[in-house]
Every structure is written in C-alpha cells, then in structure tokens.
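> Structure provided below as structure tokens; questions to follow.
The values are calculated or read from the model by the stated rules, or taken from the named source; none is laboratory data. It should be emphasised that the depicted structure is a prediction, and the values quoted were computed from it without experimental measurement. Counting neighbours? That spans all protein chains shown, and the Cβs are built from the backbone with ideal geometry, glycine included.
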Amino acid sequence: MIPQKTVLSNYVLNASPMLGSEKWLNRFNSLIETNLDDPFFSNQDFAQALAISERHLFRKMKELTGLSPQRYLSQYRLYEAMKYLKNGRYRTVKETAYSVGYRNPSYFIRQFEKEFGKKPLLVLKEAGWR
C-alpha cells in the first residue's frame, strides 16, 4: 500500500501557487518520465540531474513521500505499467516490463503481483486486450 504522502504520476500536484517541495517533486517525476524505460537510471543520476547530493536526495524523498528514491521509482514504474496494461498501450507483459524499465520480465511480474495482488496478464485479459 502506498503511504498517503506519496504522489505518483496519476496524482501530479496541481496546487496554485505551488510550494517549493511540490515543484521539486514534480521535477523528480519529470525525470522519472523522461527516463522511465532506462533500467540503469540510478540515485546518482537523479542527484546529478537535480544538482544535489545523493544523501540530500534520499532525505528529501523520505521527507516528501516517506519512501526512498528507488522505492518511489519502483512504485512509479509499477503504476505506469498498470496504466499501460489497462489502456492496451503494449499487448504483452514483456513489452510492458521493458517499457517501464525492468530488465527481467519475471521479476517485473513478481513485483507487480506483490503491489496489486494480481498478475499483469490478468490485467490485460480483464481490459480485453488478450
């Protein structure tokens, strides 16, 4: 279950005017979207792109979301995969896994099932794509 503080792509902050932390988290989400299919995008890459240290990145993400940067990235990827499966963007689980940055489809399936309680193929079938 996602902690209440967590903000994923489905829930991009739309506050007006935005607070600094909300802008920062939106920048972080933009980096994820830009590099979603890159399985090698690391905390070091995030920190470098945001011009902060890795330690500061970790503290900031814990403060804003309650999650580590990699855990947040993992959940972001899984929720994007769920969207892709439901709308039929990719017709196979393997394509979906690669598109959201997983190198190993079987690991993706295990993580997806742990997060949502069902296998990605079942989501494809329920949506009528298989």
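> So Y84 clears everything in (1) modelled with pLDDT of 95 or more; (2) surrounded by 15 or more Cβ atoms within 10 Å (Cβ to Cβ); (3) farther than 30 Å from L124 by Cβ except one condition, right? Which one?
The number of the failed condition is (3).
> Here is a further query. Surrounded by 15 or more Cβ atoms within 10 Å (Cβ to Cβ) and without any contact (Cβ under 8 Å) to a residue 12 or more places away in the chain: is that true of K23 in this structure?
Working: surrounded by 15 or more Cβ atoms within 10 Å (Cβ to Cβ): no; without any contact (Cβ under 8 Å) to a residue 12 or more places away in the chain: yes.
In short, no.
> Which number in (1) among the small types (G, A, S); (2) modelled with pLDDT of 95 or more; (3) more than 21 Å from Y72 (Cα to Cα) marks the one condition that S106 misses?
(3)
> List pairs: first residue in segment 33-56 and on the phi < 0 side of the Ramachandran plot, second residue assigned to a loop (DSSP other than H, G, I, E, B) and of a type in the set (A, V, I, L, M) anywhere in the structure, Cβ distance under 9 angstrom, at least six positions apart or on different chains.
L36/V100; D37/V100; F46/I52
> Also, I was wondering about something else. Which numbered condition in (1) in the same structural domain as E22 (by TED's automatic domain parsing); (2) touching a residue at least 24 places away in the same chain (Cβ under 8 Å) is the only one that Y102 fails?
Failed condition: (1).
> Could I ask something else about it? Checking S99 against (1) out of contact with any Phe, Trp or Tyr (no Cβ under 8 Å at 6 or more places or on another chain); (2) over 21 Å from Q48 (Cα atoms); (3) surrounded by 14 or more Cβ atoms within 10 Å (Cβ to Cβ), which test does it fail?
(1)
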